[in-house]
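Engineer: Take a look at the following structure, please.
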Amino acid sequence: MKMILQPMKLLLAVVLGYLSLLPSTTSAIAQSASQSKPLTTTSSRKQPLRLVLPPLPPGQPPGGRRYGGASRGQCPVAKPGLTALVPLIEQPTSVMNVWGQTTAERPTFWFYTPYAKGSAYPADFVLLDAESNLVYRQDITLPTEPGVMSVSLPTSVSPLTTDKQYRWFLNVYCDSPLGGSLTEHRQKQQSPIYVEGVIQRVNLKAAIVQQIKQAQPRQQVAIYASNGIWYEALTTVAQLRQKNPQDVTLEQEWQALLSSIGLGDFASKPLISN
């Protein structure tokens, strides 16, 4: 009988020892699961593309006009109306600043126009320096259909000076009978529908410039946007969309970028190729 009890005591000690280990093992497994689950969820989430607004330059507020409108005469009311695709920064004084940064010597500007070529309305783009001296003026042919159009500074224009501000205008002369040249409209001081804003060329840090050079165009968009460079961010994604109109990801990035400055409604408008 004594010989039988000894193996039973030994077996009981082994079982009890095993059971004593179960809580710590279960706790370790649960802890491991709780730590790994958030990591998987976080790593699979992609941050939406958005512009990080840079601070306004010191001195006089840039002001400007992002939305064009007709106050009188024969200018038709369009919804949505003429719109500059540029950030709008509101100050506590209720001043609306249509202002953005570029790194380009000769940047590209983007606008939504509800007016098409068939309207026969003359239009022009004007760029002035900080002293209101004319830098560039170009007659603009409106696109064949309402949509998002671009205006690029040609190589004949002197490069924008770094850290200098320039004021631009896009004018549509519809407040008069159709026909006639732009010169005639200006001489008669016709009241155009217009949008207006300020652009400033800046230099990025050398490390960021190197990062952009090594990145693919899609990656460049995010780098520009995260560093407050609106014009190159929008131009890059617009050019990619024109080359790949069926790319759903590019369409989403276009939507996200415009939505980050409050212009998401224009993402679905036709993107006009010049």
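The values are calculated or read from the model by the stated rules, or taken from the named source; none is laboratory data. Quick caveat, the model's predicted, so the values are computed rather than measured. Cβ placement follows ideal geometry from the backbone for every residue including glycine, while neighbour counts extend to all protein chains displayed. Each accessible area value is taken on the protein alone, full model and side chains, heavy atoms only, with ligands, DNA and RNA left out. Shrake-Rupley method; radii C 1.70, N 1.55, O 1.52, S 1.80 Å.
Engineer: Out of every Cα-Cα pair in the range 52-155, what percent are more than 16 Å apart?
Structural biologist: Details: 3588 of 5356 pairs.
Tail of P(r) above 16 Å: 67 percent of Cα pairs.
Engineer: Could you sort Thr93, Thr249 by their accessible area in this structure, using a 1.4 Å probe and putting the largest first?
Structural biologist: Values: Thr93 105, Thr249 60 Å².
Most to least solvent-accessible, the answer reads Thr93, Thr249.
Engineer: Could you compute the net charge surrounding Val157? Neighbours are other residues with a C-beta less than 11 Å from the C-beta of Val157; K and R count +1, D and E count -1.
Structural biologist: Around Val157, the charge tally is +1.
Engineer: Where in the range 93-130 does the amide nitrogen come within less than 16 Å of the point 7 Å from the Cα of Asp265, taken along Cα to Cβ?
Structural biologist: Flagged as within label range: 112-115.
Engineer: Would you kindly derive the ³J(HN,Hα) couplings of the range 193-199 from the backbone phi angles with the Karplus curve 6.51 cos²θ - 1.76 cosθ + 1.60 (θ = phi - 60°), listing them in order in whole Hz, with x for Gly and Pro?
Structural biologist: 7, 8, 10, 8, x, 10, 10
Engineer: How about the range 192-260: which trypsin sites (Lys or Arg not before Pro) there lie in a loop by DSSP and see at most 14 other Cβ atoms within 10 Å? Spell out each step's value before the answer.
Structural biologist: Working: sites: Arg201, Lys205, Lys213, Arg218, Arg241, Lys243; in loops: Lys205.
Counting only loop positions with at most 14 other Cβ atoms within 10 Å, the trypsin sites (Lys or Arg not before Pro) in the range 192-260 are Lys205.
Engineer: Mind listing the phi-derived Karplus ³J(HN,Hα) values for the range 138-144, rounded to whole Hz, using 6.51, -1.76 and 1.60 with θ = phi - 60°, and x for any glycine or proline?
Structural biologist: 9, 5, 10, 8, 5, x, 6
Engineer: Next question, about the same structure. Just tell me which aspartates and glutamates come within less than 16 Å, Cα to Cα, of Lys243; anything on the same chain fewer than 8 places away is out.
Structural biologist: Within reach: Glu251, Glu253.
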